[in-house]
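In what follows, a structure is listed as structure tokens, so that the remarks can point back to it.
The values are calculated or read from the model by the stated rules, or taken from the named source; none is laboratory data. All figures in this text were calculated on a predicted structure; none of them were measured in a lab. The protein model used for the area step is the full one, side chains on, heavy atoms only, and it has no ligands, DNA or RNA in it. Shrake-Rupley method; radii C 1.70, N 1.55, O 1.52, S 1.80 Å.
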Amino acid sequence: MITYRNGYIFDKQGETIGNYTNGYIYSSKRILKGYYSNGYIYDDNHNIVGNYANGYVKMKNKDD
């Protein structure tokens with residue numbers, strides 16, 4: 001399970017894999033990965049690719 005808190009996204013082991021700020025999600029190398037709004041995560045084409053709630057992120061692609 002991926003979690004988010006304090007502006008950072010963490011993998012199952014607690015390692016930082018990215019961050020989020022002002023509605024955007026970035027990889028750890030500051031590459032834009034998507035957007036978040038109203039509990040959903042969107043890709044560049046505004047397709048819903050996941051959701052987030054209560055500190056957890058769930059992506060449609062189980063490899064993310």
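Across the accessible surface of the stretch 2-59, with the other protein chains kept in place and a 1.4 Å probe, carbon and sulfur atoms take up 46 percent. Backbone amide hydrogens, once placed in the peptide plane, bring Ile9 within less than 5 Å of Ile17, Gly18, Asn19, Tyr20, excluding anything fewer than 5 places away on its chain. Accessible surface comparison of Lys58, Lys12, probe 1.4 Å, protein chains only, largest first: the order is Lys12, Lys58. At full extension, Asn54 and Asn38 could sit 4.5 nm farther apart than now, given 0.36 nm per residue minus the alpha carbon distance.
Surface analysis of the chain yields an accessible area of 75 Å² per residue, using protein heavy atoms and a 1.4 Å probe. Note on the chain: Kirkwood radius taken over Cα pairs, Stokes-Einstein applied at 25 °C and 0.890 mPa s, translational D equal to 213 µm² s⁻¹. Of the residues Ile17, Ile25, ranked by 1.4 Å probe accessible area with the largest first, the sequence reads Ile17, Ile25.
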